[in-house]
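Bear in mind these aren't lab numbers, they're just calculated from the coordinates by the rules spelled out. Just so it is clear, the model here is predicted, and its values are computed rather than measured. With ideal geometry, Cβ positions are generated from the backbone for all residues, glycine too; neighbour counts draw on all protein chains shown.
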Amino acid sequence: AMGMISLCGTAQASAGPTATMKVAFVPNQAGQSTSIALGLEVARSAGALPAPLRSLTIRYPSSLGVSVSGLGLTTCARATLEARGPAGCPSESVMGRGTVIVALPFGPEVVEETAGMTIVRAPQRNEGVALFFYVEGTEPVSADIILSGLLSEAGRSSEKLAIEAPLVPGLPGGPDVAVVRLDATIGPKGL
């Protein structure tokens, strides 16, 4: 099944950054409970910094039957996540895990940092399933970032996962951090 992806960077005259995406079911066996594995890589030239990612929308046919049944039985408040991280959230609110690779200038070079990510069920907003993507960076930028997401219907025969990302300052005096890769698994695998 085909999906459509839409990225939004900072305001630019161009259409924004391009990306490649991989989606898989794990395990991919009929009749079994499965997880969705997402892999997103933002295109960039060697040594260059892409525009910071501000939003990501993934549309897919509703016939895929993406369901979060049995996950996210409780929610985690944003204030709890900000104060205590995922460890402060109820274990039943965890819906997935992943990693994010960000790039930022460090002197004359562009360096990359890999940060862990935990996906938790957020309190309900609008129609759909609200999510928080909690990203924990350590070196060279120590910052915890919360991205907001929403799984919802997108018409009669499609659904979408929309993620909003805040701008994240890099090193003092430098540009914002840019996401170059995101890998996430939503579902029971590894939980």
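Set the Förster radius R0 to 22 Å, insert the Cβ-Cβ distance between I146 and L171 as r into 1/(1 + (r/R0)^6), and round the FRET efficiency to 0.05.
Numbers: r = 21 Å, r/R0 = 0.95.
Step by step, r from the Cβ atoms, then E = 0.55.
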Sorted by chain and number, the residues with a modelled amide H under 5 Å from that of E159, at a separation of 5 or more or across chains, are Y60, S62, A154
Estimate the FRET efficiency between S91 and N126 by the formula 1/(1 + (r/R0)^6), using the beta-carbon distance for r and 25 Å for R0, to the nearest 0.05. 0.45
Output for region 91-191: GluC sites (Glu not before Pro) sitting in coil per DSSP, at most 16 other Cβ within 10 Å, listed by number, reads E127
